[in-house]
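Taking it in order: structure first as structure tokens, then the write-up.
Values in this text are rule-based calculations from the coordinates and carry no lab data. Remember, it's a predicted structure, so these values are computed and weren't measured experimentally. Here Cβ is always computed from backbone atoms with ideal geometry, including for glycine, and neighbour counts include all displayed protein chains.
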Amino acid sequence: MCKYLYQFLKTILAFTASACLQAPRHNYIILTLLLCLNFINATPAAAANVSNDLLKQPATEITVSLGNAANELKFEPNHLELQAGKRYNLRLTNPSQLKHYFTAKDFADGIWTQKVEAGKVEIKGAIHEIELKPGAEAEWVFVPLKSGTYGLRCPIAGHTEAGMIGEIVISN
Ligand SMILES: [Cu+2]
């Protein structure tokens, strides 16, 4: 139903757009239609449900250290247990003198990311890996959606091999 309406509005929009090339004063029609399309094309149901119910839920704080002050190549802790449908604030720190990555692509596909905050910057949308320079910190706020066991690693040359790997389990 919505799809038809969307197609219909798209057709009108295309038609109006060509008409407006000759009559620029009618630009407001395009604006109205665009707003309408945005409304119809709203966030996918899953994300909408997540944002409605969970954004008010206090986030469970977890801290993972990428490397340590002795420059050992490991995640501390290297095993995380999360529950689907809960909101988490994963604090990533890098107390070492080396650059590290938090790379967990399949995990990232199985969660809904609310935001990633680093310094005064806040990033919204899908995130797949985070790079932390020496001394850096970042906060990843998300809700796990898909249960499973996911691999975590730092892909910097030699780091995975040296044991900079981990496991993230999402349970229902
Ligand atoms: Cu590393």
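With a cut-off of at most 13 other beta carbons within 10 Å, and DSSP calling the residue loop, which trypsin sites (Lys or Arg not before Pro) in segment 86-160 qualify? Please list them.
On the way: sites: K86, R87, R91, K99, K105, K115, K120, K124, K146, R153; in loops: K86, R87, K99, K120, K124, K146.
Loop-located and lightly packed - K120, K124.
Expressed as a rounded percentage, what relative contact order does segment 54-171 have, with Cα pairs under 8 Å and six or more residues apart?
32
Checking the a/c ratio against 1.5 first, then a/b against b/c, what shape does the Cα gyration tensor give for segment 47-169? Mind dumping the intermediate values first?
Details: a/c = 2.13, a/b = 1.59, b/c = 1.33.
Because a/c hits 1.5 or more and a/b exceeds b/c, segment 47-169 counts as prolate.
With label points built 7 Å along Cα→Cβ from the Cα atoms of N68 and A162, find their separation and express it in nm.
In this crude spin-label approximation the distance works out to 1.4 nm.
Tell me which aspartates and glutamates have Cα within less than 17 Å of K115's Cα, excluding those fewer than 8 residues away on the same chain?
D53, E61, E129, E131, E137, E139
Please report the net charge: other residues with Cβ closer than 9 Å to the Cβ of H128, K and R +1, D and E -1.
-1
Can you tell me how much longer the chain between L55 and K99 gets when fully stretched, taken as 0.36 nm per residue apart minus their C-alpha distance, in nm with one decimal?
Additional length available on full extension: 12.7 nm.
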